[in-house]
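Chemist: Before I ask anything, let me first share the structure, which is written out below as structure tokens.
Only the coordinates and a few stated rules stand behind these numbers; no lab work does. Being a predicted model, the structure only gives us computed values, none of them experimental. In this analysis, Cβ positions are derived from the backbone assuming ideal geometry, glycine residues included, and neighbour counts consider all displayed protein chains.
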């Protein structure tokens, strides 16, 4: 016969867990709407900046400024814009610092490992720049086996990323690019679709395609550049790289919150089902105990009357 105390203790334990998951769901629900608004507000700016940048590069015939040197790596546009053979790829991985967000981090890590393996088969090495404690914890355990190097980590970024944080990441990746440690800058992040879905994607930053596919049908016209092309590129290239990284951060945070909201909602529903099932088991066990006690009383009474 089931132990009534054990069942009752388990029901109380599940109810306590349900309170936590319900609270986390409410917090995620409150945050995800704000994060969604930030993502949608930032997308038009990022898109228009990319379009303007490609228009500028399409309008100039050739950038003859390879002798130009800048102290800040992100300003060294002659090196950042040059074409060269890709021997090592710099991958910026967007994960979260917290768990309990469903398969969010696992999906990003799995996609990253598949991408690393694909590059490895092509004879291309990978250096990882990881945002988020969860991604770092998962990837550092398989770094030697998978054959990649973790170059830099960013474990203190919160749920409200800033442009200065994006600029810091961009500067670190640009330094590795200028020094020749990596020949390509790419991002593995999650694109926020809606409250119920997101997708893991790889975004290419550098080197640049001649014209992005999204802008292939745009009509490019000659541009008048003031005060000079080197000055404009020195200002626009850092903004271009930083804005893409910042957009990836916003998309990742929104996807994480949406995934956590969905996961906590499922946890609440599962807890409710378990409580109902255990309550039925408890009532059955209690009824069986009462029936047994009544049977014993009746049996004892009949034996006394004999």
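Chemist: Given the Cα atoms of the chain, and with Rh set as the inverse mean 1/r over their pairs in the Kirkwood sense, what is Rg to Rh to two decimals? Numbers along the way, then the final one.
Modeler: Details: Rg = 28.7 Å, Rh = 22.9 Å.
That ratio is 1.25, to two decimals.
Chemist: How high is the FRET efficiency between residue 269 and residue 86 when r is their beta carbon distance and R₀ equals 45 Å, given to the nearest 0.05? Could you put the intermediate results ahead of the total?
Modeler: Working: r = 47 Å, r/R0 = 1.05.
Efficiency, from the Cβ-Cβ distance: 0.45.
Chemist: Find the Rg to Rh ratio for segment 89-131, where Rh is the Kirkwood radius over alpha-carbon pairs and Rg uses the same atoms.
Modeler: 1.04
Chemist: Which residues does a label at residue 290 reach in segment 1-24, if reach means a backbone N under 13 Å from a point 7 Å past the Cα toward the Cβ?
Modeler: It comes to no residues whatsoever.
Chemist: Could you compute the FRET efficiency for residue 194 and residue 277, with r as their C-beta to C-beta distance and R0 at 41 Å, rounded to 0.05?
Modeler: For residue 194 and residue 277, the calculated efficiency is 0.80.
Chemist: With only alpha-carbon atoms counted, please give the Rg and Dmax of segment 134-203, in Å.
Modeler: Answer for segment 134-203, Rg first and Dmax second: 14.2, 42 Å.
Chemist: Residue 144 versus residue 26, label points 7 Å from Cα toward the beta carbon: distance in nm?
Modeler: Roughly 4.8 nm, to one decimal.
Chemist: Next question. Please list, by residue number, everything in segment 70-94 whose backbone N is under 17 Å from a paramagnetic label point 7 Å out along Cα→Cβ of residue 171.
Modeler: Taking a point 7 Å out along Cα→Cβ of residue 171, the residues of segment 70-94 whose backbone N falls under 17 Å are 70-77.
Chemist: Grab the beta carbon distance between residue 225 and residue 37, set R0 = 51 Å, and tell me the FRET efficiency rounded to 0.05.
Modeler: Values: r = 35 Å, r/R0 = 0.69.
Computed FRET efficiency for residue 225 and residue 37 comes out at 0.90.
Chemist: May I ask you to compute the full-extension gain from residue 110 to residue 124, defined as 0.36 nm times their residue separation minus their alpha-carbon distance, rounded to one decimal in nm? Numbers along the way, then the final one.
Modeler: Details: separation 14, 0.36 × 14 = 5.04 nm, distance 1.86 nm.
Net length gain for the segment: 3.2 nm.
Chemist: Order of 93-105, 287-299 by packing, highest average Cβ count within 10 Å first?
Modeler: On the way: 93-105: 20.8, 287-299: 10.5.
The packing order, highest mean first, is 93-105, 287-299.
Chemist: Now for a different question. With a 10 Å Cβ neighbour count serving as the proxy for reagent exposure, in which order, fewest first, do 253, 280 appear?
Modeler: Details: 253 25, 280 10.
Exposure proxy ranking, most exposed first: 280, 253.
Chemist: Give me the three principal axis extents of segment 104-173 from the C-alpha atoms, as integers in angstrom, largest value leading.
Modeler: Result, largest extent first: 36, 25, 16 Å.
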